[in-house]
Amino acid sequence: MHRLFRTVAATALSAVLACALWGGAPAARAAAIGGPFELVDHTGKTVTEESFGERHLLVYFGYAWCPDVCPTELIVMGDAMDELGALGDEVQPLFITVDPERDTVAALADYVPSFHPRLVGLTGSEEQIRAAAQAYRVYYRLNEADEDGDYLVDHTSYVYFMDPDGDYLTHFVFGQGPEKMAEVIRKHLD
């Protein structure tokens, strides 16, 4: 029950942050989402937002130790990529950790292939993660560890869809299925 409360609270906080970010403005008004980042991928290679060429980016911030929301969103992203078929080659799915202490390169190398072969896991220093999260207007907070040293991380749960220039196109909220995600992506790519 406690985990469910945290998930609901994080989702509610995400909604409040969304209102603050977009100010209830019409969709035609551009959101200040995205920006430059320098992180390390799950193969140990340093990457930036420009490392993915002319691909659109599908960006999710979370953490590998997440018990429910993150794996669910990564499954949706992977299924949406499959749903897109060959058109999915124009999209690069990214998983950026908000827990770099536990989500090392090696941990992400074990984690991300479970969701989609093209998913790239990104980590870095606490400062690099903080900068990327701030650029994407992502909230996250590490909770206190329990007696075993385990802890949860409260965080925004949006999947952002960015164009090849790094401009925000749209986002997806928790609970939207892969068919809807693929449908919206397809409209932007056509």
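No value in this document is a laboratory result; all are computed from the given coordinates. Being a predicted model, the structure only gives us computed values, none of them experimental. FYI the Cβ positions are ideal-geometry reconstructions off the backbone, even for glycines, and counts take in every protein chain you see.
Bridge orientation summary for region 36-190: considering DSSP beta bridges with both residues in this region, about 65 percent are antiparallel. Computed on the Cα atoms alone, the convex hull of region 89-139 gives a volume of 83 cubic angstrom per residue.
Scaling the Cα radius of gyration of region 132-178 by the globular reference 2.2 N^0.38 Å produces a ratio of 1.53.
Backbone geometry of region 161-176 corresponds, through the Karplus equation with coefficients 6.51, -1.76 and 1.60 at θ = phi - 60°, to 3J(HN,Hα) couplings of 10, 10, 7, x, 8, x, 8, 5, 10, 6, 9, 10, 9, 4, x, 6 Hz, x marking Gly and Pro.
In Å³ and rounded to a whole number, note down the convex hull volume per residue for the Cα atoms of region 28-165.
On the way: hull volume 15.5 nm³, N = 138.
So the per-residue Cα hull volume is 112 Å³.
Once both labels are positioned 7 Å from their Cα atoms along Cα-to-Cβ, the gap between Leu189 and Asp167 label points is 2.0 nm. Using the Cβ-Cβ distance between Leu87 and Glu144 with R0 set to 41 Å, the FRET efficiency works out to roughly 0.40. Across every pair of non-identical alpha carbons in region 100-190, the mean reciprocal distance, once inverted, gives a Kirkwood radius of 15.5 Å.
What net charge do the residues around Lys180 carry, taking every other residue with its C-beta under 12 Å from that of Lys180, with Lys and Arg at +1 and Asp and Glu at -1?
The answer is -2.
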